[in-house]
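Colleague: Have a look at this one before I ask anything.
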Amino acid sequence: MGKEQTFVLVKPDGVQRGLIGTIVSRFENRGLKVIGAKLITINPELAEKHYSEHVDKPFFTGLVEFICSGPSFAMVLEGKNAVSIVRQMMGATNPLESSPGTIRGDFGIDLGRNVIHGSDTNPGSSEREIDLFFDKLEFSSYERIDEEWLYE
Ligand code: DAT
Ligand code: MG
């Protein structure tokens, strides 16, 4: 069974609004395993690397400023098809278009305050982001007790 790892960030708006627990719960309930997690106030250097694909976009400066504006909650989730599952659970980038039942569709209104980041499905994206935010020593490898019943 090909297990994947993906990088997820509860953005500063989500942390300030007290949504860390709710969001982690959704992923845990789905069956994804938390293998690393920490509260981190992102500095501009890290933010610019993280969002380097958007460097030429008009919203880049505002995006970097926002992501550095308070603590974020970073985590690495592991499971079968973890990258796609997280993207689906997050919903569309603009909360106006995110379906109800998704995290952005349930908790967001504005595009620039969309509560959560998750690695996209492009090859190499999750690995790059995990390496950017986490050291190998920060991960724990373990079996969840429900794995036997979660996967066929
Ligand atoms: P996602 O976060 O769904 O991967 P993205 O990578 O295209 O979306 O953009 C990164 C973040 O930048 C996104 O979560 C919110 C912000 N953003 C994207 N497009 C924007 C726009 N047109 N105006 C303002 N902010 C935008
Ligand atoms: Mg993206």
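The values are calculated or read from the model by the stated rules, or taken from the named source; none is laboratory data. Here the structure is a predicted model, which is why all the values come from computation and not from measurement. Neighbour counts run over all protein chains shown; Cβ positions are idealised from the backbone, glycine included. SASA here: full protein model, heavy atoms, side chains in, ligands and nucleic acids out. Shrake-Rupley method; radii C 1.70, N 1.55, O 1.52, S 1.80 Å.
Colleague: May I ask you to compute the full-extension gain from SER52 to ILE145, defined as 0.36 nm times their residue separation minus their alpha-carbon distance, rounded to one decimal in nm?
Modeller: 29.6 nm
Colleague: Can I ask one more? Between ARG26, ARG87, ARG104, where does the largest GNM mean-square fluctuation fall for the chain, given springs only between Cα atoms within less than 10 Å?
Modeller: ARG26
Colleague: How high is the relative contact order of the range 20-83? Use alpha-carbon pairs under 8 Å, at least six apart in sequence, and give a whole percent.
Modeller: The normalised contact order for the range 20-83 reaches 50 percent.
Colleague: Right, next: Positive end of the charge dipole of the range 1-140 (Lys, Arg +1 and Asp, Glu -1 on Cβ, about the Cα centre): tell me which of HIS117, GLY91, ILE130 has its Cα farthest that way.
Modeller: Result: GLY91.
Colleague: Just the number, please: carbon plus sulfur as a percent of the accessible area of the range 3-138, 1.4 Å probe, no ligands or DNA/RNA counted.
Modeller: Looking at the range 3-138 in its full context, I get 51 percent from C and S.
Colleague: Then there is this: Probe of 1.4 angstrom, ligands and nucleic acids ignored: what's the accessible area per residue over the chain, in square angstrom?
Modeller: 55 Å²
Colleague: Taking springs between alpha-carbon atoms closer than 10 angstrom, which of PHE139, PHE107, PHE73 fluctuates most in the Gaussian network model of the chain?
Modeller: PHE139
Colleague: How large is the helix-only mean residue ellipticity at 222 nm for the chain, computed as the sum of -39500 (n - 2.57) over DSSP H runs with n ≥ 4, divided by its residue count, in deg cm²/dmol to the nearest 500? Before the final figure, lay out the partial values.
Modeller: On the way: 8 runs with 58 residues, N = 152.
The helix contribution divided over the chain gives -9500 deg cm²/dmol.
Colleague: Under the definition of Cα pairs under 8 Å and six or more residues apart, what whole-number percent is the relative contact order of the range 3-138?
Modeller: The normalised contact order for the range 3-138 reaches 35 percent.
Colleague: Continuing with the same structure: Cα-based Rg of the chain per 2.2 N^0.38 Å, rounded to two decimals?
Modeller: 1.01
Colleague: Using the Cα gyration tensor of the range 63-152, with a ≥ b ≥ c the square roots of its eigenvalues, what is the shape: rounded (a/c below 1.5), prolate (a/b larger than b/c) or oblate (neither)?
Modeller: Numbers: a/c = 2.05, a/b = 1.30, b/c = 1.58.
Cα axes put the range 63-152 in the oblate bin.
Colleague: Let me ask something else. Lys and Arg at +1, Asp and Glu at -1: add these up for the other residues within a Cβ distance under 11 Å of TYR151 and post the number.
Modeller: Local net charge: -1.
Colleague: Starting from the Cα gyration tensor of the range 1-56, take the square roots of the eigenvalues, sort them a ≥ b ≥ c, and report rounded, prolate or oblate (rounded when a/c is under 1.5, otherwise prolate if a/b is larger than b/c, else oblate). It would help to have the intermediate numbers written out before the result.
Modeller: Working: a/c = 2.45, a/b = 1.35, b/c = 1.81.
Here the range 1-56 falls in the oblate category.
Colleague: For LYS57, list the lysines whose Cα falls under 22 Å from its own Cα; do not include residues on the same chain fewer than 8 positions away.
Modeller: LYS11, LYS49
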